[in-house]
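The values are calculated or read from the model by the stated rules, or taken from the named source; none is laboratory data. Not measured: the values here are computed from a predicted model. All Cβ positions, glycine included, derive from the backbone under ideal geometry; neighbour counts span all protein chains shown.
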Amino acid sequence: MKAIFGFNLILFLILAMLTIPSCIELDQKVESPLKKAADAGNIASSYVLLDKAVTNIETLNFTEGNSSILYDTDENDLAIWYGQLAELRDEMTVLKDSTLTLMDESNYLIKLRETILDSSGEKGDVVTMPSNLIHYPYHGIMLFAIVICGILCIPGFFGMLDILGFD
């Protein structure tokens, strides 16, 4: 039982070591620039941040596929998400150099904000992103490891209860 518990603990630590850096990288390279682009006060500064985020999405190869774990869904479709952001960037390429009225610029920034952010209620405004993106493209392997970890957790837990004297 100690061996099962030890293996389970090692598997859990490996999963954590793989997930935490991916989460930080995704936050720094994609989520944070998108949030700042949505909060920017003018098109020029918003364009710089959106371009940075879209370029990082392309570098991380999040341009196609599906980040869903069990079955493909439209809300986790990377091509749709990336396409919307790339389209916004292309529009802003033209708009940043044009002379817009204050009303037109404000309307476009509202459109940009509504596309990038999701008002979810309790958490406030969060960046609209496919779920499970930190595991992409290894989400199948991660699911398998989590299931194995869960299965091994049950006998390991009861084995530890025996060792601790709980019968």
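The residue of segment 84-103 that is modelled with the lowest pLDDT, among those that are farther than 16 Å from P33 by Cα and among the aliphatic types (A, V, I, L, M), is L100.
Residues of segment 104-144 that are under 21 Å from S22 (Cβ atoms), of a type in the set (G, A, S) and modelled with pLDDT of 75 or more: S131 alone. The test for being of a type in the set (S, T, N, Q) and under 28 Å from H139 (Cα atoms) does not hold for T93. Can we say Y82 is without any contact (Cβ under 8 Å) to a residue 12 or more places away in the chain and either over 17 Å from the mean Cα position of the chain (by Cα) or under 27 Å from V48 (Cβ atoms) (or both)? Criteria not met by Y82.
In this structure, does L26 turn out to be in contact with a helix residue (DSSP H, G or I) (Cβ under 7 Å, 6 or more places away or on another chain), of a type outside the set (F, W, Y), under 30 Å from I151 (Cα atoms) and buried (at least 18 other Cβ atoms within 10 Å of the Cβ)? The answer is yes for L26. The set of residues in segment 32-65 that are of a type outside the set (V, I, T), within 15 Å of the chain's Cα centre (by Cα) and surrounded by fewer than 17 Cβ atoms within 10 Å (Cβ to Cβ) comprises S32, E58, L60, N61, E64. For segment 117-145, a residue qualifies if it is in a helix (DSSP H, G or I) and surrounded by fewer than 16 Cβ atoms within 10 Å (Cβ to Cβ), and the qualifying residues are G140, I141, L143, F144. Elements of the type helices (runs of 4 or more DSSP H) sitting completely within segment 1-68 and holding at least 3 residues that are at pLDDT 90 or above and not aromatic (F, W, Y): these cover 32-39, 43-59. What number of residues within segment 72-83 are farther than 13 Å from S131 by Cβ and at pLDDT below 90? Number of matching residues: 0.
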